[in-house]
Amino acid sequence: MQKGKLLALLLGLSATFGPVAWAQEHTQEKTTTAPAREGQESGVEQDLRTFKEWVRAQSDKVSTTTRAEWPTIKSDFARQANKIENSFHNLSESSKREFLELKTRFQELESRPMADEVPLQAEEVRLREKELLGSFGNVQNISAIHMREAYIRFMQNVRAKRQNWTSRDWDYADYILQNLGKRKAAVEEKLTTLDEIKIRTLIGEFHTLRSGQEFKESQRAKKQK
């Protein structure tokens, strides 16, 4: 009789706690699978935010971007866009529209003139001449006796300012250097040998500095990929 009562008690406990245990297990299973899906969605949304910032940056600096740089930029665009497109179905409807708008905006950038396709502005040239040549800003009036000093002044300012220069800044400086060269040719017969040697050394330094900075920028662009 006691064994019958004990068996009935065990069966009752099993009936009572069985559904509770199953519900707890089912709840735990749902909580472990849900974050994975949410994480996937937040991941592609984060990629979209990064892509949005990148497109904005390209738009802001398009006036200083050269046509030679464009293939690298397009490659970076394709890499980021393809990554998002692979998880496009996980984006919200508003994010999908935003992504398509960003792609269109970037394609419009390519139709804009690049920095090396926009003529240098005469007024800007005059300002840069004063900035880089100081009292020798009126290049056509530089005499033979002051030609060496004008080149020295030019390079002193180039060294001081070049760290923050864009390729467009270098274009203006190069143009001013060419104008100096034309004026130098006009008074060349009056220059001493030492003047010639010093001027050639300074010209060589200018091109070395420009090439060095362009190399650093290309290396930095590769690391950002």
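None of the figures in this text is laboratory data; all of them are computed from the coordinates on show. Because the structure is predicted, anything quoted here is derived from the model rather than measured. Heads up, the Cβs are rebuilt from the backbone with ideal geometry, glycines too, and the neighbour counts pull from every protein chain shown.
So what's the projected area for segment 67-195, the Cα convex hull averaged over all directions, in nm²?
Averaged projected hull area, Cα only: 11.2 nm².
Just name one of GLN178, PHE206, LEU133: the one whose Cα is farthest towards the positive end of the charge dipole of segment 119-223 (beta-carbon charges, Lys/Arg +1, Asp/Glu -1).
PHE206
For segment 119-223, what relative contact order do you get, as a whole percent, if you take Cα pairs closer than 8 Å and at least 6 residues apart?
33 percent
Nearest 0.05, what FRET efficiency do ARG126 and LEU194 give at R0 = 25 Å with Cβ-Cβ as r?
Result of the calculation: an efficiency of 0.20.
Just to verify a number: FRET efficiency for ARG49 and ASN164, C-beta to C-beta distance, R0 = 35 Å, to 0.05?
0.80
Given points 7 Å out from each Cα along the Cα-Cβ axis, report the ALA186 to TRP70 separation in nanometres with one decimal.
Using points 7 Å along Cα→Cβ, the separation is 3.7 nm.
Radius of gyration and Dmax for segment 36-118's Cα atoms, expressed in Å?
My reading of the Cα-based Rg and Dmax gives 14.2, 50 Å.
Write down the Kirkwood hydrodynamic radius of segment 119-223, to one decimal in angstroms, obtained as one divided by the mean of 1/r over all alpha carbon pairs.
This gives a value of 14.4 Å.
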